[in-house]
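Structure first, then comments.
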C-alpha cells in the first residue's frame, strides 16, 4: 500500500486547520504548540523517507518491476530480473551454511504477480549462495530461448564464489522456488538444479517443456511438492496424447522427495536414476501405457532404494530395472495400469509390492509383469508381492494358497495362474483333510516343478488338499 498520498493529505489538512483557526489562547489551558510542532516534524520526516527513490521494496525484498521488468510479458525482462537477483546476493550477510556457501538470510526476489518474457535462463551471478527465495509470478520463454536451457537454472554459472572458500561438492544451498508458473513455450525445460543442496520447489506449475520439467542432477535433498507439471495443458483425454514427449521430473540424484504432485502430460512422469528417493501422493496421468507412456521409470539397476507410496497411476504404470530394495505400497492403479520388473542382469532383490489396488477392463492384464527380453531373472531373493486387491485384471503374487478336492492317492495343485515367477517356489505348506472316519493316511510332498505341487498319500482317500506356497523367502531363511 502506498502511504505517501495519505500522509500528504494528513499534513495538508492539519496545517490548514491550524492556520485558519480563530481560537483565542486561554492561559488556563496548557500550551500544546510544542507537541504539535514536534508531531508535524515527525510526519514530515516520515514523508521524506518514504519519498526517497529506492529500488528495494524492503531491506530483504527485491521487486523485479523496480528494475524495469515488464509484468505484461510484452518485452524482454531478462536483464531486469537478473539485476534484481544480482543486487539480492551482493549484500554482505553474516552466517555460513555449508562451508563456502553464504547465508543470505532468506532474501526474497519477488516477481510481484507479473508475467515476464525471458530470453535467457534466470540464474545466480555467482556460486556459493544460499537461503534465497524466488516467488510470486510467471516466467515465459521467448521464441529465441534456446532448447537446451532451463527457465530457472541452479547450476554453477561462474567460477567465482560469494565466499572466499568455495564448496566443491555443493553449488547452492536452501534455495526456495515457490508460487511460480513456468511456461517453457516448447523451448527447453523448467528448472535445473545441479549439485544443489536442500532445494525447495513448492506450489509451481510447469508446462510446455520439451526436455525436463524439473531436472535434479547430483546434489542432495531436493523437495518437490504441491506442484503441477505437463508438457501440454490438458485434464486427460487429449487427442494428441500419443505424441507427448519429455520427462516431467528427472531425479538423477540421491535423497530427494516428490510429494503431492500432479503430472498430466509427458512421455515419462518421473524418471529416477539416483538412490534413496521417495515418491508419495503423486497422480500420474501423463501418457497412457498403451500409447507408450510410463508413470514412473526407475532406471538404476542393482541399487534402486526407492519408495513409492500412496500414489495414483492413472492409465500409466511403473517400470523398474533390476530392482533392489524397492517398496510400492498403498497405490491405486487405474485403467489396466501395471508394474513391470525389467531384467537387465537378472537381479531382483528386496522388493515389496503390497497393499495396492488395481482396476482394469477385463482384458487379461497381469498387475505385475516380468520383462525378460534381456535375460531371465536368475538372482531372486526377498521378493514379496502380496495383499493386493484386483478388479478386472489378473492377480499375480509371490504367495498363494490352493485347495483341491479328490479321491485317490495323488493331488496336484497348479499355481501358474497366480505366481509371479515361473519356477521359484521356496516354501510349501500342505494339509490333507478327509471326512472319512477311522482313516489316518500318511501323505508327503512328492514334487515341485513348473509351479505345480504334487502331494501323495499312502492310501486312497476322499478329501481335500490345501497347499500354500511362497516364492519370496530369503535364501538365508
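All of the numbers you see were taken from the coordinates with simple rules; none came from a lab. Keep in mind that this is a model prediction, so the values were computed, not measured. Neighbour counts run over all protein chains shown; Cβ positions are idealised from the backbone, glycine included.
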Query raised in the report: So what's region 57-391 giving for Rg/Rh, alpha carbon basis, Kirkwood Rh from the mean inverse pair distance?
Result: 1.02
Report summary line: Quick note on 333, 228, 264, 291, ordering by fewest other C-beta atoms within 10 Å, gives 291, 228, 264, 333
Report task. Can you figure out the FRET efficiency of residue 361 with residue 462, using R₀ = 30 Å and their beta-carbon distance, to the nearest 0.05? Result -> 0.15
Query raised in the report: Among 465, 249, 115, which comes first, then next, by fewest other beta-carbon atoms within 10 Å?
Result: 115, 465, 249
Query raised in the report: For residue 372 and residue 417 in the same chain, what is the full-extension length gain: residue separation times 0.36 nm, less their Cα-Cα distance, in nm?
Result: 14.4 nm
Query raised in the report: Taking region 399-470, how much of its Cα-Cα pair set, in percent, is spaced more than 15 angstrom apart?
Result: 49
Report task. Over the alpha-carbon set of region 110-268, work out the extent along each principal axis and list the three values in angstrom, largest first. Result -> 55, 32, 26
Query raised in the report: Taking neighbour Cβ counts within 10 Å as the exposure measure, how do 343, 397 sort from fewest upward?
Result: 343, 397
